[in-house]
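In what follows, a single structure is set out as structure tokens and then discussed.
The values are calculated or read from the model by the stated rules, or taken from the named source; none is laboratory data. Model, not experiment: these values are computed from the prediction. Neighbour counts run over all protein chains shown; Cβ positions are idealised from the backbone, glycine included. Only protein heavy atoms, including side chains, enter the accessible area calculation; ligands, DNA and RNA are left aside. Shrake-Rupley method; radii C 1.70, N 1.55, O 1.52, S 1.80 Å.
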Amino acid sequence: MTPGTQPTHTLTHWHSQTDEQGIAWLTLDSPGAKVNVLSQAVLQELAQVLDSYERQPPKGLVIRSGKAGSFIVGADIDEFGQLQGPEDARRLVASGWNLFKRLAGVPYPTLALIRGHCLGGGLELALACRWRIAVDEPATRLGLPEVMLGIFPGWGGMRRLPALIGPPAALDLMLTGKTVDARRAKALGLVEHAVPPRVMQATARHMLAQRPARHKPAPHLALLDLWPLKRWVAERARKTVQARDPHGHYPAPRAILDIWSRHGGNALAAPAMIESLVASDTARNLMRVFRLRERLRGERQAQGEPIDHVHVVGAGVMGADIAAWCAFQGLAVTLQDQDPERLAWAMARASQLFARKFKRDARARRAAGDRLVPDPQGWGIARAGLVIEAISENLQAKQALYAQIEPRLSPSALLATNTSSLMLADLASGLARPGRLVGIHFFNPVAQMPLVEVVHDAATDPQAHARAMAFVARIDKLALPVRSAPGFLVNAVLAPYMLEAMRCVDEGLDPATVDAAMVAFGMPMGPLELADTVGLDIVLAAGRQLSGGAQVPGCLQRLTSGGKLGRKSGKGFYIWEDGKPQRGAGHPAPPGLAQRLLAPLIAQTREQVRQGVVADEDLADAGVIFGTGFAPFRGGPLHYARSHG
């Protein structure tokens, strides 16, 4: 309870206290939940609270959260799945729109005290308050990510955010789903103050006492929220959306632009859009993907000592990027390699990552750099809670390295391999304690790919596996538990997909035509561009291992024997310039090409489930979506196959 307050009334989700100055402190703390969401029950209780304040108005109102590290993460998306028709959808939108309109119009001053994630409907509630304070700590993030679920911010965000910070910045947040930290929110004008936790309550009291003028965007930005300039802004934004999504797979960004520019941000004035979006396959599938992401986040079970020091052996691309990412995430990291020049290259590469991630925070950049220490002699092994081996895919070399490392490990340390193809049983055969070896398989590029496969077999100590899962979550990645098997899940699924694309080239199809068919389906890139990016020599080796004895496509053999290995050599299926493939226009794809290419991918995903490499079809879909970029709006390969017979 805030010092000097007295409880006025307590409901299930909301708790109100009034202090000596007459300020009401309204706390949302839904019982039994890790985070607060704006379910219909929560909204109904908020309406009751406003009823009570209407009868006896406070001197001011502060809305805050009782959850550690979380303000309000948005609406309850489970309620979207329960909608029975267009009237239910319209009623759901109206519930939040009308309530927040009421909150915005109360006669007493209101303030949202934001600590932790303030997303979607949570930010829309905060925008309905007169002022906002954000607590400046890493957990605080603000945004309207509804577009990521295939829907729009229908509870006032499309009206209030552009009016507060100007249309350009508001549309950037709404159309991309990106979030901002407290300091960036302050710079945008989204919050009045970004303060440390120790002064958050005092700052809130001071603001309510002083009642400063509301923030307004600069005059030229305010004009962009009015006709006719609003139409010009919308048309420019539509061109950007079209460039990002030329095939129109994601309708929500276009709907946001239409509702903002034509209906003043009021979705209730566009009932047809509410029905078409909320009931669409895209929205249902993107909400499925959200739940899959949450399941991966919930797969971890922290056990044993937390890992705060990681030692990485191997300063190649993968080892360097793993080390840099761990340092970026706040861990102490030592990086070992016998080649000083490679270590220097890895440190320079890490500095580039820190510069990108901490553009506006030189202190954070330096701190991350200080956490990453080159360690050619491997002194960090004895202190590390986790040692990750990231050397070349050579069984004998890895076993020899383990023989050197194991005697130096602390008793509680984990030993992990970043292998993409070797079996844990073979790697662990010479270890005194094979149970503590786990696979922690990152994907390239490490900083961009959200998935990490956490590999186990029958000999793996369950506690070691659980700690590895918790470590992956600690560094803000999605941990997918997989059983040790050739290719695990992701590579085993990708190999037949890429090989089938190459057989199409053997049959005379142009690479650009093949890739265009899959981009039109919704993939981020085509299978042949992907093969070039991975490296055709690596694809060849994986193809021989994972093709089940099938003949390797002739085009792949010819390219690799001629030294054309893809992006890294400058030539492969494409000529690469400045890191980009130079592709021609291609020819119209023959009917059924996308389905032909998908067939082996779907079949192999199903086979990995049958063999127990992943526990079930949902986890398989999650792994393929987050590990390969499989079109999220399709809901995953096995879900897509079920939906389309």
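Anything in segment 18-49 that is of a type outside the set (Gly, Ala, Ser), under 23 Å from GLY69 (Cβ atoms), part of a loop (DSSP other than H, G, I, E, B) and open to solvent by 10 Å² or more (accessible area, probe 1.4 Å)? List them, or say none.
ASP29, PRO31, LYS34, VAL35, VAL37
Going by what's in this entry, would GLY69 be described as out of contact with any Lys or Arg (no Cβ under 8 Å at 6 or more places or on another chain), open to solvent by 10 Å² or more (accessible area, probe 1.4 Å) and farther than 23 Å from HIS249 by Cβ? It would help to see each step written out before you state the result.
On the way: out of contact with any Lys or Arg (no Cβ under 8 Å at 6 or more places or on another chain): no; open to solvent by 10 Å² or more (accessible area, probe 1.4 Å): yes; farther than 23 Å from HIS249 by Cβ: yes.
Considered against the rule, which asks whether it is out of contact with any Lys or Arg (no Cβ under 8 Å at 6 or more places or on another chain), open to solvent by 10 Å² or more (accessible area, probe 1.4 Å) and farther than 23 Å from HIS249 by Cβ, GLY69 comes out as no.
So is PRO407 within 22 Å of GLU341 (Cα to Cα), open to solvent by 60 Å² or more (accessible area, probe 1.4 Å) and either free of Cβ contacts under 8 Å to residues at least 40 places away in the same chain or over 33 Å from the mean Cα position of the chain (by Cα) (or both) or not?
Numbers: within 22 Å of GLU341 (Cα to Cα): no; open to solvent by 60 Å² or more (accessible area, probe 1.4 Å): yes; either free of Cβ contacts under 8 Å to residues at least 40 places away in the same chain or over 33 Å from the mean Cα position of the chain (by Cα) (or both): yes.
No; evaluated as a whole, the condition is false for this residue.
Where in segment 113-172 are there strands (runs of 3 or more DSSP E), lying fully within it, with 1 or more residues that are among the aromatic types (Phe, Trp, Tyr)? Quick ask: steps written out before the conclusion?
Working: elements: 117-119, 131-135, 141-143.
Answer list for segment 113-172: 131-135.
Evaluate the following for ALA473: is it open to solvent by 20 Å² or more (accessible area, probe 1.4 Å) and within 16 Å of GLY319 (Cβ to Cβ)?
Numbers: open to solvent by 20 Å² or more (accessible area, probe 1.4 Å): yes; within 16 Å of GLY319 (Cβ to Cβ): no.
No; evaluated as a whole, the condition is false for this residue.
Scan segment 71-87 and report the pairs whose first residue is on the phi < 0 side of the Ramachandran plot and whose second residue is open to solvent by 60 Å² or more (accessible area, probe 1.4 Å) and part of a helix (DSSP H, G or I), with Cβ atoms within less than 6 Å and a gap of 6+ or a chain change.
Qualifying pairs under 6 Å: PRO86/GLU275.
List every residue pair whose Cβ atoms lie under 6 Å apart, where the two residues are 6 or more positions apart in sequence or sit on different chains, the first residue falls within segment 599-628 and is closer than 19 Å to GLY522 by Cα, and the second residue, located anywhere, is of a type in the set (Asp, Glu).
The qualifying pairs are PRO600/GLU500.
Any idea which of THR605, THR628 is within 20 Å of MET498 (Cβ to Cβ) and at pLDDT 95 or above?
On the way: THR628 fails: at pLDDT 95 or above.
THR605 is the lone residue from the list that is within 20 Å of MET498 (Cβ to Cβ) and at pLDDT 95 or above.
Right, ALA234: closer than 30 Å to MET523 by Cβ, part of a helix (DSSP H, G or I) and of a type in the set (A, V, I, L, M) or not?
Details: closer than 30 Å to MET523 by Cβ: yes; part of a helix (DSSP H, G or I): yes; of a type in the set (A, V, I, L, M): yes.
Yes, satisfied.
Collect the residues in segment 538-554 that are open to solvent by 30 Å² or more (accessible area, probe 1.4 Å) and not small (Gly, Ala, Ser), keeping them in residue-number order.
ILE538, ARG544, GLN545, LEU546, GLN551
How about segment 288-397: which strands (runs of 3 or more DSSP E) wholly inside it have at least 2 residues that are modelled with pLDDT of 95 or more, more than 25 Å from LEU424 (Cα to Cα) and under 25 Å from the mean Cα position of the chain (by Cα)?
Details: elements: 309-313, 332-336, 372-374, 386-389.
Ranges flagged: none.
Just to check your reading of the model, which residue among LEU127, LEU119, LEU173, LEU161 is crowded, with 23+ Cβ neighbours inside 10 Å, of a type outside the set (Gly, Ala, Ser), touching a residue at least 60 places away in the same chain (Cβ under 8 Å) and under 21 Å from HIS215 (Cα atoms)? Break it down into steps so the answer makes sense when it comes.
Working: LEU127 fails: touching a residue at least 60 places away in the same chain (Cβ under 8 Å); LEU173 fails: touching a residue at least 60 places away in the same chain (Cβ under 8 Å); LEU161 fails: touching a residue at least 60 places away in the same chain (Cβ under 8 Å).
Of LEU127, LEU119, LEU173, LEU161, the one residue that is crowded, with 23+ Cβ neighbours inside 10 Å, of a type outside the set (Gly, Ala, Ser), touching a residue at least 60 places away in the same chain (Cβ under 8 Å) and under 21 Å from HIS215 (Cα atoms) is LEU119.
Out of all the residues in segment 555-573, which are under 23 Å from ALA492 (Cβ atoms) and open to solvent by less than 60 Å² (accessible area, probe 1.4 Å)?
CYS555, LEU556, LEU559, THR560, LEU565, GLY566, GLY572, PHE573
Please enumerate the residues belonging to segment 313-364 that are within 16 Å of PRO445 (Cβ to Cβ) and among the β-branched types (Val, Ile, Thr).
VAL317, ILE322, listed by residue number.
Open to solvent by 40 Å² or more (accessible area, probe 1.4 Å) and in contact (Cβ under 8 Å) with a residue 60 or more places away in the chain: is that true of MET347 in this structure?
Answer is no for this residue.
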